[in-house]
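Reading through the structure tokens given below for one structure.
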Amino acid sequence: MVHDTTVLMDEKRVFKPSEDVKNRAHVKDWDAEIEKGKDLDKYWSEQAEQFEWFKKWDKVLDDSEKPFYKWFTGGKINLAYNAVDRWIETEKRNQIAILYINERGHEKKITYYELYLEVNKLANALKNLGVKKGDTVSMYLPMCPELLIALLACNKIGAVHSVVYSGLSVGAFVDRMNDAKAKVLFTADGTYRRGKIIDLKKIADEAILQCPTIETIVVVKHTGSDIEISELSGREIFYERLVEGEPVDCPPEPMDAEDPLFILYTSGSTGKPKGVMHTTAGYMVGVATTLRNIFDIHEDDMWWCTGDIGWITGHSYVIYGPLLLGTTTVVYEGAPDYPDLGVWWKIVEKYGVTKFYTAPTAIRHLMRFGARYTNLYNLSSLRILGTVGEPINPEAWMWYYTNVGKEKCPIMDTWWQTETGMHLISPLPVSPLKPGSCTRAFPGIDAQVVDEEGNQVPLGKGGYLVVKNPWPSMFRTLYKDKERFLDVYWKDIPGCVYKAGDMVRQDEDGYFWIQGRSDDVLKIAGHRIGSAEVESAFVSHPAVAEAAVIGRSDPIKGEVIKAFVILREGNELKTQLIEDLKKHVRYELGPVAVLGEIVEVDKLPKTRSGKIMRRILRAQEEGEDLGDTSTLEE
Ligand code: PRX
């Protein structure tokens, strides 16, 4: 869906940073920093100096095999060592690294030293399970401390992690797990969701029946639901038993800069989900640099990113960015509206959160109640706010700025993707802001708006968003699918530039205004879901012969699914079947696949080669011109 930011936005309306924000900021001069970023080698090597390397790199950027770029080649480093071990020799040793809070108001504080002990114990236990450098370990866990510990333990020994979002269900889980071919899976007895406990283990149990590579299942007792040891089969073990008696030290594995760090699945417009592969050193440099400069992280910060670790936002900015900078990261397990609509602001007040990063959908959800809930709490600890995941409409921006930030906190509207690993287009705290624009590219990033031939379009005209130069935390490939990597991202636009899949426009100040996806990817409450995935969930139901789905605008979620189905003979789309289909899609994909409407059709628009033309359905839906229909079957 294309958010019609063009109608609502006011490009002339500019918000300038206060003196206080400017005085504290790490970067004082936006233009000068962008200028510095033009020397890629110098800029990124200076950023890389923030870490402890076992061996420094020989070359900052190796672009000899475009687009298979390599960064910091020859360097040896370990992420967990830099995110945890190195802090315990400093005054941060007893500082809180992870502040876990859940919707029931329970909290757990883990200091850097405690985290060090836990990561080492689990790293040793993983080794005992036979996990070696390069092996894949999967997680299907709620937002709980063990998830962060498990990811860091993988890094410590050089294992590659692959997290499946705990809001995804059986079908989505099986696809991802079987592609990654994990040996070990972490799951939990459950997760808290709006007053209920969702039985994750049950979903995992069903999915695992179709996942032959898994040798061991580690079960975290998180909610304390009754799972008896006796119920566990031979390949299952409780987390607490697994780490019992393990030594509390574990040497970090010296990783090559380009060794794989993790795979994270994301949706494309066609086919199965894509295993986005990130590697070690460049990823570390990218996320730490962007978090420090965009959210201006200092020693005394209480950082809270509400994203889930099951998505890239959580990987980069709940766990890795904050720990690499040695700050405290809040890990919250719960929704923004449970037990009431003030729960987030209560947490901000209680823990003195200084930087707060969330998604526009949550803001739109909360703004319906005006200032009623934000006024109940003291939000004066906040210094900088942020958004991510979809365009933020100017009204939501203004509500956030006024009611949460009390007109003193700049809003960092950060544009980026699973593939980019780090923020690519975003203001810095000192930047003049325009509500609804993610402003300009981060230093070192050459983002442009082009037409299909790759020609830069004039300011004010819409086009494809491309990135013309490499950046350290870019994904390196799609797991086991180099061809798809090349085809999807690098071939459409001439000149070997990265095609992001978004439509965008630049205004006369060069500010970017993202208009939405240019492909068949849906954005439901900021979550990325491929139309093809939803369609295949539909057709796996016995009553459905064919299905096509598109996004339908929704005032809160941005988009919800509108499905067009052709039913098999003998079926009618009555209330019962609609309910069954909703349940079925939810079973296959999870609650992220929000169904707005299902309609029955007897034909779908297709090309002569049989590809569904969702564009035609979308145009019909919006009452727009159908555009070029020359390839339509009939
Ligand atoms: O369409 C853009 C939108 O989210 C897509 C990337 O989705 P995903 O890989 O799931 O990562 C989301 C979190 C980084 C983009 O192609 N998007 C992300 N941030 C913004 C955005 N759209 C507008 N403004 C943003 N700030």
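The values are calculated or read from the model by the stated rules, or taken from the named source; none is laboratory data. Quick caveat: nothing in here was measured; it's all calculated off a predicted structure. Here the Cβ is made from the backbone with ideal geometry for all residues, glycine too, and neighbour counts use every protein chain on show. What goes into the accessible areas is simple: the full protein's heavy atoms, side chains included, and nothing from ligands, DNA or RNA. Shrake-Rupley method; radii C 1.70, N 1.55, O 1.52, S 1.80 Å.
Val331: open to solvent by less than 10 Å² (accessible area, probe 1.4 Å), within 19 Å of Lys108 (Cβ to Cβ), in contact (Cβ under 8 Å) with a residue 40 or more places away in the chain and in contact with a Leu (Cβ under 6 Å, 6 or more places away or on another chain), yes or no?
Values: open to solvent by less than 10 Å² (accessible area, probe 1.4 Å): yes; within 19 Å of Lys108 (Cβ to Cβ): yes; in contact (Cβ under 8 Å) with a residue 40 or more places away in the chain: yes; in contact with a Leu (Cβ under 6 Å, 6 or more places away or on another chain): no.
For Val331, the condition - open to solvent by less than 10 Å² (accessible area, probe 1.4 Å), within 19 Å of Lys108 (Cβ to Cβ), in contact (Cβ under 8 Å) with a residue 40 or more places away in the chain and in contact with a Leu (Cβ under 6 Å, 6 or more places away or on another chain) - is not met.
When Glu621 is evaluated against the numbered criteria (1) at pLDDT below 90; (2) more than 30 Å from the chain's Cα centre (by Cα); (3) open to solvent by less than 80 Å² (accessible area, probe 1.4 Å); (4) on the phi < 0 side of the Ramachandran plot, which criterion, by number, is the only one it fails?
Condition (2) is where Glu621 drops out.
Among the residues of the stretch 510-517, are any away from the ligand (no atom under 11 Å from the Cβ) and not assigned by TED's automatic domain parsing to the domain that holds Trp71? Walk me through it before giving the result.
Let us first name the residues in the stretch 510-517 that are away from the ligand (no atom under 11 Å from the Cβ), namely 510-511.
With not assigned by TED's automatic domain parsing to the domain that holds Trp71 added as a condition, the list becomes 510-511.
Yes, the stretch 510-517 contains at least one residue that is away from the ligand (no atom under 11 Å from the Cβ) and not assigned by TED's automatic domain parsing to the domain that holds Trp71.
State the number of residues belonging to the stretch 281-314 that are closer than 21 Å to Glu107 by Cα and within 15 Å of the ligand (Cβ to nearest atom).
Here is the first cut: in the stretch 281-314, the residues closer than 21 Å to Glu107 by Cα are 300-310, 314.
Pick out the ones that are also within 15 Å of the ligand (Cβ to nearest atom) and you get 305-310, 314.
Residues in the stretch 281-314 being closer than 21 Å to Glu107 by Cα and within 15 Å of the ligand (Cβ to nearest atom): 7 in total.
How many residues, within the stretch 368-382, are open to solvent by 90 Å² or more (accessible area, probe 1.4 Å) and farther than 26 Å from Val21 by Cα?
Counting residues in the stretch 368-382 that are open to solvent by 90 Å² or more (accessible area, probe 1.4 Å) and farther than 26 Å from Val21 by Cα gives 2.
In the stretch 434-443, which residue that is out of contact with any Lys or Arg (no Cβ under 7 Å at 6 or more places or on another chain) and open to solvent by less than 10 Å² (accessible area, probe 1.4 Å) is farthest from the ligand (Cβ to nearest atom)? Can you show your working first?
First pass over the stretch 434-443, keeping only residues out of contact with any Lys or Arg (no Cβ under 7 Å at 6 or more places or on another chain): 436-442.
Next cut, open to solvent by less than 10 Å² (accessible area, probe 1.4 Å) only: 436-439, 442.
Values: Gly436: 9, Ser437: 9, Cys438: 5, Thr439: 10, Phe442: 12 Å.
Only one residue tops the list, namely Phe442.
For the stretch 363-373, does any single residue satisfy the condition of being within 16 Å of the ligand (Cβ to nearest atom) and in a loop (DSSP other than H, G, I, E, B)?
Start the filter on the stretch 363-373 by keeping residues that are within 16 Å of the ligand (Cβ to nearest atom), which leaves 363-364.
From the residues that got through so far, the ones that are in a loop (DSSP other than H, G, I, E, B) too are none.
No - not one qualifying residue is present in the stretch 363-373.
Can you find a residue in the stretch 158-181 that is under 19 Å from the mean Cα position of the chain (by Cα), assigned by TED's automatic domain parsing to the domain that holds Lys274 and over 25 Å from Val534 (Cα atoms)?
So far as the stretch 158-181 goes, yes, one or more of its residues are under 19 Å from the mean Cα position of the chain (by Cα), assigned by TED's automatic domain parsing to the domain that holds Lys274 and over 25 Å from Val534 (Cα atoms).
State yes or no: is Trp416 in the same structural domain as Arg292 (by TED's automatic domain parsing) and at pLDDT 95 or above? Full working, then the answer.
Values: in the same structural domain as Arg292 (by TED's automatic domain parsing): no; at pLDDT 95 or above: yes.
No, not satisfied.
Of all residues in the stretch 305-328, which are within 15 Å of the chain's Cα centre (by Cα) and open to solvent by 10 Å² or more (accessible area, probe 1.4 Å)?
Across the stretch 305-328, the qualifying residues are Thr306, Gly307, Asp308, Trp311, Ile312, Thr313.
Hey, does the stretch 560-569 have a residue that's open to solvent by 40 Å² or more (accessible area, probe 1.4 Å) and away from the ligand (no atom under 16 Å from the Cβ)?
Filtering the stretch 560-569 for residues open to solvent by 40 Å² or more (accessible area, probe 1.4 Å) gives 568-569.
Okay, now just the ones that are also away from the ligand (no atom under 16 Å from the Cβ), so 568-569.
Scanning the stretch 560-569 turns up at least one residue that is open to solvent by 40 Å² or more (accessible area, probe 1.4 Å) and away from the ligand (no atom under 16 Å from the Cβ).
Given the conditions (1) closer than 30 Å to Lys480 by Cα; (2) surrounded by fewer than 21 Cβ atoms within 10 Å (Cβ to Cβ), and given that Pro247 satisfies all but one, which numbered condition is not satisfied?
If we test Pro247 against (1) closer than 30 Å to Lys480 by Cα; (2) surrounded by fewer than 21 Cβ atoms within 10 Å (Cβ to Cβ), just (1) comes out false.
Identify, from the list His584, His541, the residue that is open to solvent by less than 40 Å² (accessible area, probe 1.4 Å), in a loop (DSSP other than H, G, I, E, B) and under 30 Å from Met177 (Cβ atoms).
One residue alone meets the criteria, His541.
Look through Val348, Val330, Val318, Val353 and report the one residue that is assigned by TED's automatic domain parsing to the domain that holds Val276, in contact with a strand residue (DSSP E or B) (Cβ under 8 Å, 6 or more places away or on another chain) and within 16 Å of the ligand (Cβ to nearest atom). Explain how you work it out, then say what you get.
Working: Val348 fails: within 16 Å of the ligand (Cβ to nearest atom); Val330 fails: within 16 Å of the ligand (Cβ to nearest atom); Val353 fails: within 16 Å of the ligand (Cβ to nearest atom).
Every option except Val318 fails the conditions.
Any residue in the stretch 487-509 that is farther than 17 Å from Thr477 by Cβ sitting within a Cβ distance under 7 Å of a residue that is of a type in the set (Phe, Trp, Tyr)? List the pairs, counting only those 6 or more apart or interchain.
Ile493/Tyr464; Met503/Tyr464; Val504/Phe512; Val504/Trp513; Arg505/Trp513; Gln506/Phe512; Asp507/Trp513
Please enumerate the residues belonging to the stretch 463-485 that are open to solvent by less than 30 Å² (accessible area, probe 1.4 Å) and either acidic (Asp, Glu) or farther than 29 Å from Ala288 by Cβ (or both).
Gly463
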